[in-house]
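Everything on this sheet refers to the single structure shown next.
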Amino acid sequence: MVQVDISQLSGECNAWRDKLRNYREEFNSNEVQLRKVAGQPLSKEQLQDVEHLHNQFHIQLINIHDLKQSIKVHDRKINFEKAAFNGMANEDSITRHEQLFEEFQSLEQTLHDLREEFSDFLKRTQ
């Protein structure tokens, strides 16, 4: 067991989940916007872009959901450890926390890239 402030770890989990919720709302909104654009006359290339973006939104929304659930399970586990082991976290939990943070950062970069790609697409279709 390692002495770690579990409430700090739990706070980080909550912050990550809040950000993921915001991304989910943003990309759901982008998907609605994409459908509106798809209803306009578009070139073959633009239609391929619509399909690509639609697929990416779908995939990333699944990734957001899956990571959010993993963080939620992890948060429950570390809060159990707080109660069961006098506030001390298991070494495996700390390692898992670091892994989740890396996954979060990686997904966040992917989402930023998709956001830019969608923005560029909108500029080209207007």
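We did not get these values from a lab; they are worked out from the coordinates using the rules stated. The model shown is predicted, which means the values in this text are computed figures rather than measured ones. Cβ: placed from backbone, ideal geometry, glycine included. Neighbour counts: every protein chain shown.
A few points about this structure:
- Database remark: amide H of Ala89 closer than 5 angstrom to the amide H of Val2, Val4 (H placed geometrically; neighbours at sequence offset of 5 or more, or on other chains; Pro and chain starts carry no H).
- Distance from the C-alpha centroid of the range 59-78 to that of the range 80-121: 9 Å, rounded to the whole angstrom.
- Relative contact order of the chain, defined on C-alpha pairs under 8 angstrom at six or more residues apart (%): 43 percent
- The range 61-126: C-alpha gyration tensor shape, a/c 1.5 cut-off, then a/b vs b/c: prolate
- Partners for Lys44 among lysines (Cα-Cα distance below 27 Å; same-chain residues under 8 apart left out): Lys36, Lys123
- Taking the Cα centre of the chain as reference, the dipole from Cβ charges on Lys and Arg (+1) and Asp and Glu (-1) amounts to some 520 debye.
- Total formal charge among the other residues, if their Cβ is under 14 angstrom from that of Asn79, Lys/Arg +1 and Asp/Glu -1: +2
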